[in-house]
Amino acid sequence: MQKPQFNDGLLAFLKGSPTPFHAVRNMATTLAAHGFTALDEKQAWSLRPGKYYVVRNGSSIAAFVLGKNDPVNTGIRLVGAHTDSPCLKLKPRPEKLTQGYLHLGVEVYGGVLLNPWYDRDLSLAGRVTCLTADNRIANLLIDFERPIATVPSLAIHLDREANNTRSINPQNDIPPVLMRADKSESLEPILLAQVRKEHGEASLERILSFELSFYDTQAPAITGLKEDFIAGARLDNLLSCYTGLMSLLEAGTDVTSLLICNDHEEVGSASAEGAQGPFLRSVIERLLPDASTLHQVMANSLLISTDNAHGIHPNYADKHDGNHGPIINKGPVIKVNVNQRYATNSETAAYFTQLCEADKVPLQVFVTRTDMACGSTIGPLTAKEIGVRTLDVGVPTFAMHSIRELGGVDDAHYLHQALTRFFMDPGPLGAT
Ligand SMILES: [Zn+2]
């Protein structure tokens, strides 16, 4: 796919995916439109060479092409990413009425950079679980789309030290303000009206529970005087989900390829649908029911774990090691950490280097300063779960975990080129 079309699709995916539930729904829709068959984990699978996808919890998805060639000989080309991003999630009983304002208590999901959440036009989206008139429980997605809340800053006149010493107490300072209200007004009828508006279910009885999060309504955009940048929420890590998906759509049908996008990376991945859970393993076991065959295939397979990297920031250049400062629009970044915060080793790095060179994709490498702690991602966790050789790679970005992150217009497309080539690779994957 050409870069302008690819980037337009990326912006649309970011905008239309305010939560992991929406991201997975959008990915499933795209896969179905490209001939992938939906599988249900609750049913038996009878698989023959073809294209499939399966969703768990509505927030994680695995999609695969089961190739014509025996995976014992070819291995599986695995690409991983995560669907979740740091955000503010509504508490189960969020309402607070203070000075005639309805504001809503939130939990901080993951490592949120809180300052950028002030003075934004926020909306609310996610999953509500409802009781239907015929006594069934149903999961439904909602998205208010329009700005319905804000976290106003405290004026500098009331906090003269704001630029020097300001700290944020998330319990007290962050609850978004929804509206002027009196005691008779509450959130539940507002949510119910939204469910009915989007799903037209007049027979809906009531909402039993929900998982809703706030997000910035400012649309993602291409920015910079020379249009060098992509600005938007959730680049970490919907950019990689989209890139993996577009690459899988271009994969051939001879060899077996699989894309896994997990929820809950930002909170440690330890869940039924997280990378530290059994989802991927269970999909692979159903692909390869014979245990000995499965071990053989895994030994022949390789995982490219895709998650964004920290580009070197011109205002804070000393936060990077002098020899390892990835530049935006200079290509994907191999991420290395000797303490296994990243799963890259010399073999997987070499394999990816060769892959990129074959397609003239520029490549960079990141290792953190030796006096700073290193982040982590799904790579090491997935490698631990299924025992596969793994590479951690990602595009360079600024402002990771901000409400508006910044990436480059070239890098996601470079990564797309490399992943597409990976999905087409007849093997062997890595050293022989
Ligand atoms: Zn990430």
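Residues Ser153, Ser247 in ascending order of nearby Cβ atoms (within 10 Å, fewest first): Ser153, Ser247. Mean-square fluctuations from a GNM of the chain, with a 10 angstrom spring cutoff on Cα atoms, peak among Ile327, Ile222, Ile168 at Ile168.
Per residue, the chain reaches -8500 deg cm²/dmol at 222 nm when only DSSP H runs of four or more residues are counted, each adding -39500 (n - 2.57).
With a cut-off of 12 Å on the backbone N, the residues of the range 330-364 near the modelled label site 7 Å out from Ala431 along Cα-Cβ are 345-351.
The relative contact order of the range 265-345, computed from alpha carbon pairs under 8 Å that lie at least 6 residues apart in sequence, is 12 percent.
How many percent of DSSP beta bridges within the chain run antiparallel, rounded to 5? All intermediate terms of the calculation are to be shown ahead of the outcome.
On the way: 55 of 79 bridges.
That works out to approximately 70 percent antiparallel.
Note: relative contact order over the chain, using C-alpha pairs below 8 Å and six or more positions apart, is 22 percent. A simple packing score, the average count of other Cβ atoms within 10 Å per residue, orders the peptides 295-301, 359-365 as 295-301, 359-365, with the highest score first. The ranking of Arg341, Arg146, Arg286 by Cβ neighbour count inside 10 Å, starting from the fewest, reads Arg146, Arg286, Arg341.
Return Ser305, Ser271, Ser167, Ser292 ranked ascending by Cβ neighbour count within 10 Å, so the fewest neighbours appear first. Present the calculation step by step, with values, prior to reporting the outcome.
On the way: Ser305 29, Ser271 18, Ser167 6, Ser292 9.
With the sparsest Cβ surroundings first, the list reads Ser167, Ser292, Ser271, Ser305.
For the chain, modelled as a GNM whose springs connect Cα atoms under 10 angstrom apart, the maximal fluctuation among Leu225, Leu258, Leu239 occurs at Leu225.
Please give the length that would be gained between Glu161 and Thr29 if that part of the chain were fully extended, namely 0.36 nm times their separation in residues minus their C-alpha to C-alpha distance (nm, one decimal).
42.6 nm
Sorting 14-25, 170-181 by average packing, meaning the other beta carbons within 10 Å per residue, from highest down gives 14-25, 170-181. When the chain is treated as a Gaussian network with alpha carbon springs shorter than 10 Å, the biggest mean-square fluctuation among Ala162, Ala219, Ala418 belongs to Ala162.
No lab work stands behind these numbers, since they all come straight from the coordinates. Keep in mind that this is a model prediction, so the values were computed, not measured. All Cβ positions, even for glycine, are placed from backbone atoms using ideal geometry, and neighbour counts span all protein chains on display.
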